[in-house]
Each structure stands twice: as structure tokens, then as C-alpha cells.
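*Asks:* Here you go, one structure.
Every number in this text was worked out from the coordinates using simple rules, so none of it is lab data. Being a predicted model, the structure only gives us computed values, none of them experimental. Cβ placement follows ideal geometry from the backbone for every residue including glycine, while neighbour counts extend to all protein chains displayed.
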Amino acid sequence: MHALDALRAAEDGYRYLDEGGHVYLDHTGAGLPARAQLWAHAERIAGGCFGNPHSVSPASEASGELVERARRRVLAHFGADPREYAVVFTANATGACRLVGEAYPFAPGGRLVLTLDNHNSVNGLREYARSRGADTVYVPLRAPGLDLDAAAMDAVLAAAPEGGGLLAYPAQSNFSGVRHSLDWITRAKAAGWDVLLDAAAYVPTNPLDLAAVHPDFVAVSWYKVFGYPTGVGCLVARRDALARLRRPWFSGGTIHVVSAQGLWHHMAEGEAAFEDGTVNYLSIPDIEFGLDWIRAIGTDAIHRHVTALTAELLDGLAALRHSGGEPLARVYGPSDTTGRGGTVALNLLGPDGAVVDERIVARDSAAHRISLRTGCFCNPGTGEAAFAIERRTLDGAVRTATGTIDDYLGRLGLPSGGAVRVSLGLSSSRADVAAFLDFVAGTYRDRRPDPAGLSPRLVC
């Protein structure tokens, strides 16, 4: 039995999936914890006394030591030299991006470069840039593979502004699964740019070696890597880049010394200046156990496992046909595993080629205890590229944007409110892939589902 198949069946692993009849296909949304992780958390909490680490009491020092151990363990996982990199604990990757955006020295003449493929947590940085007079430029994608337009990226990077600039892009798309080259980090830095790498969708199934590539900032959510704990992420930042950030406020835990009446303050050094209030000291230590769990399995083994399952899924989707030979599915992004991860975005098609409403797929898959994602996945740029929506169409739609999300989609001429996303992870199995393919064939082959009775879309 393959090691990961054994973990799927193990009592301390992921047996609960098959015990509960779950087909879990939303690993890009959230990884799943092994039971061993939950047991370890309960044993630690029940076996000790842990207090607020902002003190010198025995309970506080016990918490502080575990938090610092987790910090060191994160650096080791990424091969990061602690003299070069620091770890700031946040609530998630979104919180890590916000820390950079609110404190980055955007100024008139400066520039923020975003790839069209970005999560909204990165897209939102443009509001910080706009508020301080910096320009925002988007690098387009190439259809049909949805990879970055390399020529456009080169042209943008060659025009580094005197006021400085920040490039922010994902190592792997949370929409299409496309892996964007880490070489852009080196090329951007050589041209004078700072680089924020969104690694949230990448690191669950790929190694990231910060001794080989040196982004200034890396955003991570740990629940996406090993499922538990939720509410804990981090910003891994080069110490010299962190020192250039200027926070717009201060709070408990971030201050070295402050005067209320004198209206002055001095920020704490290093990581402490960015960890607002009391960190989640009861959950942060679980990162160490989670990373030890991943190390025992091997990130390379996870990568091979997910790549093999993704190949089966893509081949299976390509083979699905209606009786007349018409395709049952349209996949967005690469049609094989070259340059992609285990996230696959698709729409299902009727015999007439019409898109099956994604709300129908959400309803029907749930009835089969299949957990997947539908919508635009907080990544509007990749959706716009996948569905070939032109800029002038978007401009016109926003000027008349009233009513429901469905009204907006109608103005764009879209047949559906997004796509169906199937994403695989370390606890996935060949049976999960087969179950999804069987569900699609059994539910939609030679049928045109009736959309009557669907609830209005409230959000994208």
C-alpha cells in the first residue's frame, strides 16, 4: 500500500473521511487535519498551564517558548536563514498581505504591479497604493493556459520607477492551479522591485526554499497546509524589508515604549512590531506538530501523489462525453499536469454545449456528499481571462451595476456565475477522483438540468 493510502486508512490519519462517506475535493479552500494533530493539541492543552506570553510568569514563559519554537520551525521548513528572515504570526495569509499593504512605503511616482491572476487579498493592496498616490499595473494572462504573459511582465519589470515598487503575485493560482515561475522573484529583484509572494495555494503540495529564492515577503495560511489550526498564518519577511515598513498605528504588544500625554511612541524591534495584541498562543504551537507531520510524509511525496491524482482527474474529464460525442466538461488552464498544481477549474456542459449552472452542481454534489467549490474563488482576474471578458465590457457593467449579482452577470453576458473547482491534497485518493467522475457522468450525461428553484447569487 502507498504510504499516503495507508495514512488515508489509518486511525491517526484520515480514516474519518471514509468512515463518514466524505469525498473531500476542496483542498485549496482548506486542508484537512489528521486525527493525530487534534490528539496532540488536546494532550498539550490538557497537560500544561499556558498564559499570555506578554509576561514573565511560569505560565507565560511556557507559552512564549512554544511560540518561539514554532517560529524557528517555520524558518527551518522553508530553509530560511534566521539572520535574513523573520516570521510574523498573523490570522491567515490575508492578514499577512494586509500588514505589507498598510505599511509599505507607496508614494507618488511609485508603482504596484499585480498579476491578473491574484486572490482578492492581494488585489486589495491596490487601495493602499491608490491612497498614497502610487500607480497599479496589471500583468495579463495568456489564453488558454492562463499563464503569465512573460513579455508583458518583462516590459513592466524593466520600467522600475524611481519611487520604488512592489510586485505581488501567487506562486500557484487558487483558481486555475497554474504554477507561476519563482524565477520572477530573482528577475524582479534584480530590476529593483520588492516582491510579495502569495504562497497560500503553493506550499501545501510544493517545497519553497528561501535559501534558493529570496522574496521580500511571503504570505501563508497554515490551515491550507495541514488543516489545523485555523486562524493562524504568517508573514515570512526579509528582515531588511520588514525594517522598511512603516505601520500606520500601534497596539498592545507592538510597542517598546509609549507616552499617552507626550503623544510619542517607539515601536518594538523585529517581529513584535507587527504582531498586534496577544498572539494565538494556544494554537501557534500546533504549527510545529503540523510541520513535523508534513516532514514525516515528505513534501516531495505529497507533490508526486497530488500530481498523479491530478493527471487522473484531467484525463477522466477529457474522456467524459455525451452519447453524441459532445464534451461533458470544459477545463480552464493547462490540460495536463505541466506547470500546474492540483487545483482544477471547470464548467460542466450539456449536450448542446451550454454551461450547467454552477449552483446546480453545488446542490447535486452536496447530495452525493462531495465537497467542492463553486463560484469565482475570490480571483476575479483569472475568471475574466478564463471567460474572455474584455475590459470595455467590465467598464460598462460597473457603471450600471445595480440589482443582484445575477443582473451583473447578465450585463457581462455570462452563462454562469463562475466555475466548479476540484482541488486535491495529501489526504485525497484515487477513489475520490473516481467518485467525482462517476458523479458527473451519472448526473449530467445526456441531460440538461432544470435551473428552476435556484436561490439568487448573493456573492461571487
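*Asks:* If each residue's Cβ is checked for other Cβ atoms within 10 Å, how do Thr393, Thr205, Thr94 rank with the fewest at the top?
*Replies:* Thr393, Thr94, Thr205
*Asks:* For a quick check: with amide H placed at 1.01 Å from N, whose amide H comes under 5 Å from Thr254's, ignoring anything fewer than 5 positions away on the same chain?
*Replies:* Placed amide hydrogens put Gly277 under 5 Å from Thr254.
*Asks:* Only Cα pairs under 8 Å and at least 6 apart count here; give the relative contact order of region 39-296 as a rounded whole percent.
*Replies:* Details: 477 pairs, mean separation 62.7, N = 258.
It rounds to 24 percent for region 39-296.
*Asks:* May I pose another question? With only alpha-carbon pairs counted, each pair once and no self-pairs, how large is the Kirkwood hydrodynamic radius of the chain in angstroms?
*Replies:* Computed over the chain, the radius equals 23.5 Å.
*Asks:* Please rank Trp193, Trp264, fewest neighbouring Cβ atoms within 10 Å first, as an exposure proxy. Intermediate values should be presented prior to the final figure.
*Replies:* On the way: Trp193 23, Trp264 9.
Arranged by neighbour count, lowest to highest, Trp193, Trp264 become Trp264, Trp193.
*Asks:* Rank by packing, highest mean first: peptides 351-358, 368-375, with packing defined as the count of other Cβ atoms within 10 Å averaged across residues. Before the final figure, lay out each step's value.
*Replies:* Working: 351-358: 16.4, 368-375: 18.0.
The most tightly packed comes first, giving 368-375, 351-358.
*Asks:* What do you get when you divide the Cα radius of gyration of region 39-296 by 2.2 N^0.38 Å, with N the number of residues?
*Replies:* 1.04
*Asks:* Continuing with the same structure: Just name one of Gly298, Ala431, Val361: the one whose Cα is farthest towards the positive end of the charge dipole of the chain (beta-carbon charges, Lys/Arg +1, Asp/Glu -1).
*Replies:* Val361
*Asks:* Further, regarding this structure: Report, in deg cm²/dmol and to the nearest 500, the calculated mean residue ellipticity at 222 nm for the chain, where each DSSP H run with n ≥ 4 adds -39500 (n - 2.57) and the sum is divided by the residue count.
*Replies:* -11000 deg cm²/dmol
*Asks:* For His266, His214, which order do you get if you count the other beta carbons within 10 Å of each Cβ and list the fewest first?
*Replies:* His266, His214
*Asks:* Report, to the nearest 10°, how far helix 285-297 tilts away from the longest principal axis of the Cα atoms in the chain, using its own Cα long axis and a range of 0 to 90°.
*Replies:* Value to nearest ten degrees: 50.
*Asks:* On to the next question. If we count every other residue with Cβ under 11 angstrom of Glu384's Cβ, Lys/Arg +1 and Asp/Glu -1, where does the sum land?
*Replies:* Around Glu384, the surrounding residues sum to -1.
*Asks:* Return the percentage of antiparallel bridges among DSSP beta bridges fully within the chain, rounded to the nearest 5 %.
*Replies:* 60
*Asks:* Normalised by the number of residues in the chain, what is the relative contact order in percent for Cα pairs under 8 Å and 6+ residues apart?
*Replies:* Details: 871 pairs, mean separation 95.1, N = 460.
Relative contact order here is 21 percent.
*Asks:* Averaging sequence separations of C-alpha pairs under 8 Å and six or more residues apart, then dividing by the length of region 70-188, give the relative contact order as a whole percent.
*Replies:* Working: 148 pairs, mean separation 29.0, N = 119.
Rounded, it is 24 percent for region 70-188.
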